[in-house]
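The values are calculated or read from the model by the stated rules, or taken from the named source; none is laboratory data. What you see is a predicted model; the values in this text were computed from it and never measured. Note that each Cβ is placed from the backbone with ideal geometry, even for glycine, and that neighbours are counted across all protein chains shown. With ligands, DNA and RNA removed, areas are computed over all heavy atoms of the protein, side chains included. Shrake-Rupley method; radii C 1.70, N 1.55, O 1.52, S 1.80 Å.
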Amino acid sequence: MSIALSGQDKSTLRTAAYGAVSLMAAATGSPHKAATNASIALTSATGLVGHVLAAKAKDIELKGKTVAELADRVLPALTAAMELLGKQAPAEADNFRGTILLAIEAAQVHQDKPSTTTAEMARKITAALDAAGMATADSGAASAAASGQDRPELQKAIEEIVDSGFVGVSLRVHDERGEWVGSAGAAELGGTAKPPTNGHVRIGSNTKTFTATLVLQLVAEGKVGLDTPAADYLPEFGLDERITVRMLLQHTSGVFNFSGEVYDDGTVVPGIPIPYGTTGKEWVDNRLKTYRPQELVELALSKPARFEPGTGWSYSNTNYVLARLLIEKVTGRSVAEEMQRLILGPLGLSGTVVPAASPEIPEPHAHAYYRYEDAGQQKTIDITRQNPSWISSGGDMISTTQDLHTFISALMGGKLLPAPLLAEMCTPHPTGIPNMDYGLGVFVVNTDGGGTVISHNGAAVGHAALMYSTPDGSKTLTAALNCVDDADLSIATAFLNAQQRLVNEVFCGGQADPAQPAD
């Protein structure tokens, strides 16, 4: 397909492309090297885009600008460029997007001072690239779903979930009938606006699937051995030499859960203050406190192990904080940077954030709430802003239903891991939970109809996220929920029923879906 581009159109494309390079270069410790690497990537583009970018004209005036000034000009230009190409030649739009993502990745190679700054800039650039298409797709899906005409059973299901006690729900389903997106309830208590259909949500333990995938990608790169003792990579903690990397991802290490343990006889051994049980008020008062991953691990290792390594199964957030520290030790980069390099960047997950200790959550989003007793009075407060470092890589990430779909579909479709490692990931290990075994960072759920779905759900104090897929990635269900949480986990039964109801509707035949362990 041939299209005609005006001089102004070409200027927009060049400004967007070379502006993205300038933004990334300004965010790195080696701006000249970053700009050189990224520019080489731009000039390697093919097709119409390649011809335009190869002729770098004098119409680009980017020198002497601050990062903020550059961003104000470049990010809208990226969106405009995608709109321009998307209307006339979608294939060229995809080519342009891929070229820019390749360039910003090249800008980060051999970075002198790796930091979350570059990852955040890459996220903003990716978001700008996706803004045009996302706005069109999201508004169209929302419009179609608003009436519930095309999939009335799904609209009814999420409305009934709201009636069961949730403030709001948004749902995204990809199956043989295409994509369906809808929402019900409210984005805020007392408000009338529905939750955004592709809003940001704290995804809780869905984070574990991302972290496990990252470790397995390092296994594929030959940097980590799945059956190597974790102590070989993290000697500073004095870990039991029998604990392997596999055991961390599989929850078979026996390591104490730093967020507390409940034993079979009912004995509760507390860890750090968490939003549930007797420490709810303490967590509320300190919800902006920062925990270092190392201190969470050290607390856990100061407690007796739950069982001998490899002899049982017990869900422990400590396993995944150790996995995070292992990633950072092996690569010399932060988990956020490795996530960007291997997952977020390649898949274009512009709505997904590894927040570290930041309490912020990008717009748009539904609000999260917490109810507690203070001096004999019941109080309900907005806790949308909270420091997630207390759970670390056991459940700190932020994402969207679109990004969760893209991720789990790509993962199960073999786009992130070699087939043998994907098979290892999805090999079920008994958990003691009926019809629900655990692989490496995923639950393997048996349906009543004899089928299997791969899943990981998560709750993050007032927010929750669901993520299900068939083993081949062809059918997915992702959802975001917001609620009023409390120390007694009063919403737990409704959460269990919501999972069960949605899985029954989407995965043909339904199933009893026991609640997965809370974060």
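Numerical summary
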quantity	calculated
Cα shape, segment 298-425, gyration tensor, a/c 1.5 rule	oblate
Of all accessible heavy-atom area on segment 279-398, the percent that carbon and sulfur account for (1.4 Å)	48 percent
Span-rule helices in the chain, defined as complete DSSP H runs reaching 24 Å or more along the axis (Cα) with Kyte mean at least 0.0	7-27, 67-88, 90-107, 116-147
Accessible area expressed per residue, the chain, with surrounding protein chains retained (probe 1.4 Å, Å²)	39 Å²
Only Lys, Arg (+1) and Asp, Glu (-1) charged, at Cβ; the chain dipole about Cα centre in debye	1560 debye
Segment 379-437 versus segment 203-235: alpha-carbon centroid distance in Å	14 Å
FRET efficiency for residue 299 and residue 159, using Cβ-Cβ distance with R0 set to 41 Å, rounded to 0.05	0.45
Cβ-based charge dipole, the chain, positive-most Cα from 429, 408, 493	408
Rounded if a/c under 1.5, otherwise prolate or oblate - segment 244-294, Cα gyration tensor axes	oblate
Linear extension gain, residue 188 paired with residue 446, 0.36 nm per residue minus alpha-carbon span	89.3 nm
Ratio Rg/Rh, restricted to the chain and using Cα atoms, in which Rh is the Kirkwood radius	0.97
Members of 10/33; 156/208; 329/415; 124/329; 223/415; 194/281 lying beyond 21 Å, as alpha-carbon distances in this model show	10/33; 156/208; 329/415; 124/329; 194/281
Surface share of carbon and sulfur [accessible, 1.4 angstrom probe, percent] for segment 146-250	49 percent
Cα gyration tensor shape for segment 223-351, rounded if a/c is under 1.5, else prolate or oblate	oblate
